[in-house]
Amino acid sequence: MKTIVTVIGARPQFIKAGVVSHAIAAQGGLREVLVHTGQHFDANMSDVFFAELGMAPPTHQLAIHGGRHGAMTGQMLAAVEQVLVDVAPDAVLVYGDTNSTLAGALAAVKLHIPVAHVEAGLRSFNMAMPEEVNRILTDRISRWLFTPTDTAREHLLREGVDAERILPVGDVMYDVALHHGARAGAQGGALARLGLAAGGYALATVHRAENTDDPARLAVVVAALSLLAATLPVVWPLHPRTRGVLQAQGVLATLPAALRVVEPVGYLDMVQLEKHASLVATDSGGVQKEAFFHRVPCVTLRDETEWVELVDSGWNRLAPPRDAATVAAALHAAIGSRGRDVQPYGEGDAAQRIVARLADDLGA
Ligand code: UDP
């Protein structure tokens with residue numbers, strides 16, 4: 001029996017790890033020890049995903065959150081290292097680009113434990129983003145680089161990574177979306193609770209530091225969504241970081257009624273809200289892709305995106321939050337648009353491919 005320690009801590013990682021955990025359990029010969037760093041800790045940012053995606057509770061809860069990036073990552077590094085010393089796994093599995101990703105990978109590599117990075121090779125080419133730093137460093141020290149797209153693979157090759165470390169498997173988020181998307185009807189759920197009609201609203205999410213920590217950009221986002229809400233109801237599940245900033249600025253109380261701010265929703269509600277929206281406006285990586293999985297047009301509230309295939313194929317357009325009228329025009333223009341028929345994220349079997357490869361290489 002070979003042991004894999006999975007280190008996760010943020011919302012999108014619970015969703016990605018859920019499907020891989022099931023594949024590990026189904027594989028035989030592999031045992032998974034789940035370490036939750038505590039980066040996201042609210043029930044609606046963490047527990048709900050374990051429950052909805054049928055995941056076992058984490059074996060280790062490190063309860064590390066808040067503080068500056070360095071302090072948070074440093075505490076995680078020390079705590080994960082201790083778990084790795086105790087468990088002595090055969091491999092460590094990390095996801096995406098958060099501080100938990102970097103801490104898990106770094107703790108492992110210093111103990112000479114091989115690291116598997118799921119969602120390797122993504123690049124925004126914007127080193128001001130904490131995510132870009134985390135993903136580049138993690139790729140550099142990982143043995144298995146599981147890439148979701150051809151573009152990700154090309155980035156790694158261009159950086160001089162050995163081709164044999166690069167493993168194109170597709171995107172695990174596509175696996176999850178296929179499974180749950182098929183079940184997300186227009187009845188009940190969040191639509192009923194919020195009184196929304198299928199096809200009669202836009203869905204927004206905003207959480208990136210580049211938007212929340214820049215008052216001018218956040219003001220543009222709020223103004224643009226308010227303009228959109230004048231003609232189409234907008235539902236906006238607010239990330240705790242964004243809520244905190246808007247609350248402190250006194251903006252929350254001033255929003256138009258048609259811009260519906262709600263608490264973060266669970267994954268099943270989110271899938272339903274995405275699938276039946278007429279437009280998605282977001283700065284989230286995962287939500288950009290999920291809009292596409294459900295063939296809903298998306299506007300990305302950023303200067304660049306890692307998921308360039310979606311812009312190239314016409315499903316997504318970039319609207320950097322610099323000027324409210326321009327962003328609002330982009331939002332209006334996207335409604336009713338469709339992109340080309342493309343399939344850049346694999347076959348929906350990324351999780352099985354990842355686990356099969358790990359099992360093989362570990363001799364499980
Ligand atoms: N998500 C969710 N509820 C919400 C907002 C997002 O379940 O209220 C899900 C979404 O469906 C996607 C993931 O969280 O699967 C995206 O996470 P997030 O936007 O926090 O991070 P990113 O993808 O930008 O790394």
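Name the single residue that is nearest to Val221 (Cα to Cα) among those in the range 309-364 being touching a residue at least 60 places away in the same chain (Cβ under 8 Å) and of a type in the set (Lys, Arg).
The extreme case among them is Arg322.
Checking Met45 against (1) touching a strand residue (DSSP E or B) at 6+ places or on another chain (Cβ under 8 Å); (2) more than 19 Å from Ala105 (Cα to Cα); (3) assigned to a loop (DSSP other than H, G, I, E, B), only one condition comes out false. Which one?
Against the list (1) touching a strand residue (DSSP E or B) at 6+ places or on another chain (Cβ under 8 Å); (2) more than 19 Å from Ala105 (Cα to Cα); (3) assigned to a loop (DSSP other than H, G, I, E, B), Met45 comes up short only on (1).
Where in the range 231-320 are there helices (runs of 4 or more DSSP H), lying wholly inside it, with at least 3 residues that are within 12 Å of the ligand (Cβ to nearest atom)?
Once the helices (runs of 4 or more DSSP H) in the range 231-320 are filtered for at least 3 residues that are within 12 Å of the ligand (Cβ to nearest atom), what remains is 240-248, 267-275, 285-293.
Can you name the condition, by its number, that Gly38 falls short on among (1) within 16 Å of His117 (Cβ to Cβ); (2) more than 15 Å from the ligand (Cβ to nearest atom)?
For Gly38, the failing item is (1).
Could you say whether any residue in the range 3-14 is within 16 Å of the ligand (Cβ to nearest atom), within 23 Å of Ile166 (Cα to Cα), assigned to a helix (DSSP H, G or I) and open to solvent by less than 40 Å² (accessible area, probe 1.4 Å)?
yes
Of all residues in the range 152-179, how many are within 21 Å of Glu347 (Cα to Cα) and hydrophobic (A, V, I, L, M, F, W, C)?
Result for the range 152-179: 9.
Could you check the range 147-198 and list, in sequence order, the residues that are modelled with pLDDT under 95, within 16 Å of the ligand (Cβ to nearest atom), outside any helix (DSSP H, G or I) and open to solvent by less than 70 Å² (accessible area, probe 1.4 Å)?
Correct list: Ala184 only.
Would you check which residues across the range 210-237 are open to solvent by less than 30 Å² (accessible area, probe 1.4 Å) and under 18 Å from Gln39 (Cβ atoms) and list them?
Thr212
The values are calculated or read from the model by the stated rules, or taken from the named source; none is laboratory data. Keep in mind the model is a prediction, meaning the values are calculated, not measured. Glycine gets a Cβ as well: all are built from the backbone with ideal geometry, and neighbour counts include every protein chain shown. Protein only, heavy atoms only, side chains kept; ligands, DNA and RNA dropped before computing areas. Shrake-Rupley method; radii C 1.70, N 1.55, O 1.52, S 1.80 Å.
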